[in-house]
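First comes the structure, then the notes that go with it.
Every number here is computed from the coordinates shown, using simple stated rules; none is lab data. Treat the numbers as computed from the prediction; the structure is a model and nothing was measured. Cβ: placed from backbone, ideal geometry, glycine included. Neighbour counts: every protein chain shown.
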Amino acid sequence: MDYIEAPRYPADLKRPFTDLPALGNDRLALIVHRSRLSYLLLNRFPYNPGHLLAVPYKEVTDLEQLTPAGRADLMETITYAKRLLTAALKPNGFNIGFNLGSAAGGSIAHLHAHIVPRWNGDNNFMPVLGHTRLLPQSLEATWERLAAAAARLKKSKRTKRK
């Protein structure tokens, strides 16, 4: 019920993928990771628990509008998302992709990639027949799990460097 009743975005956000990183509160924005040119946040309308979005800070609508460095950073962020979700949620697989343009299902005109963790047997009859998704965990609880896994990954990376 917390998920159903929660506001989707603060009312004053007109361009969420541009405005959310500027909030100054990653927990409220559901941002789980920031790189130099892009960031990861939990999808507020997830297909599965842990559904992340990789978003460049630069407001563009197509991959070709990013610089080569921007594309490389976005791909590194997507790769990090997969590693993070594996550490935190241990999925059996992933769906990773872009919806480019409204005909492809793009609902926000700001380039973003979907990283959706998948588990064997996670596609039950509810999304198919009832156009309803069941999420066993709140977005805030998922954010907590991902933040803890991110801290472990960061600590592991520092230990390997020494």
### Summary
For region 8-90, whose charge dipole is built from +1 on Lys and Arg Cβ atoms and -1 on Asp and Glu Cβ atoms, the candidate among Ala69, Pro46, Ser35 with its Cα farthest towards the positive end is Pro46
### Sites Glu144 and Thr67, calculated FRET efficiency, Cβ-Cβ separation with R0 35 Å, nearest 0.05
0.55
### By average C-beta atoms within 10 angstrom, highest first, the peptides 112-120, 153-161, 66-74
112-120, 66-74, 153-161
### Cross-link table Lys58/Lys155; Lys82/Lys157; Lys58/Lys90; Lys14/Lys82, entries beyond 21 Å C-alpha to C-alpha
Lys58/Lys155; Lys58/Lys90; Lys14/Lys82
